[in-house]
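Here is the structure we will look at.
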């Protein structure tokens, strides 16, 4: 059995959040969606649970941060190419998201960030296979050899 990841995020508008994430091409699992929460399927093992702030608060005694002003977590997702990173950002912007900072291009890694309409931060990145397997130094050494 593989481990599945469920990232829980607060929202002030559940319908808007569902619309945003389906605009990225992700699906809503109706079996785990109701008036308080929606289960967004990113991948067969990765899910977002988008919860109304009031419902989210029932899972903790800590105050719930406002993602527009505070960062608690950045959800980073790998991509198969620079082009797929750019396509995901195009979808996020078209669905109502924002791009809070410029492209990060480190040669071995290419990343772009987006925020959903609630301010939750996501990063989409492509990492060269050599750097992924052996580290950025090995990638840099190979680039110098060519």
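Seen against the Cα atoms of the chain and their longest principal axis, helix 82-94 is set at about 30 degrees.
Working from label points 7 Å from Cα in the Cα-to-Cβ sense, the residue 60 to residue 83 distance is 4.0 nm. For mean projected area of the Cα convex hull in nm², the value calculated from this model appears in (i) 7.9; (ii) 8.4; (iii) 10.5 under label (iii). Estimated from the Cβ-Cβ distance and a Förster radius of 41 angstrom, the FRET efficiency linking residue 68 and residue 2 is about 0.75.
Extension gain for the segment residue 76 to residue 109, taken as residue separation times 0.36 nm less the Cα-Cα distance, is 10.6 nm to one decimal. If you take the square roots of the eigenvalues of the alpha-carbon gyration tensor of the stretch 1-60 and sort them as a ≥ b ≥ c, do you get rounded (a/c under 1.5), prolate (a/b over b/c) or oblate? It is oblate, given that a/c is not under 1.5 and a/b is not larger than b/c. Treating the angle as unsigned and between 0 and 90°, give the value, to the nearest 10°, between the Cα long axis of helix 136-145 and the longest Cα principal axis of the chain. Between helix and principal axis, roughly 30 degrees.
Where a number appears in this text, it was derived from the coordinates with a stated rule and is not lab data. Because the structure is predicted, anything quoted here is derived from the model rather than measured. Neighbour counts run over all protein chains shown; Cβ positions are idealised from the backbone, glycine included.
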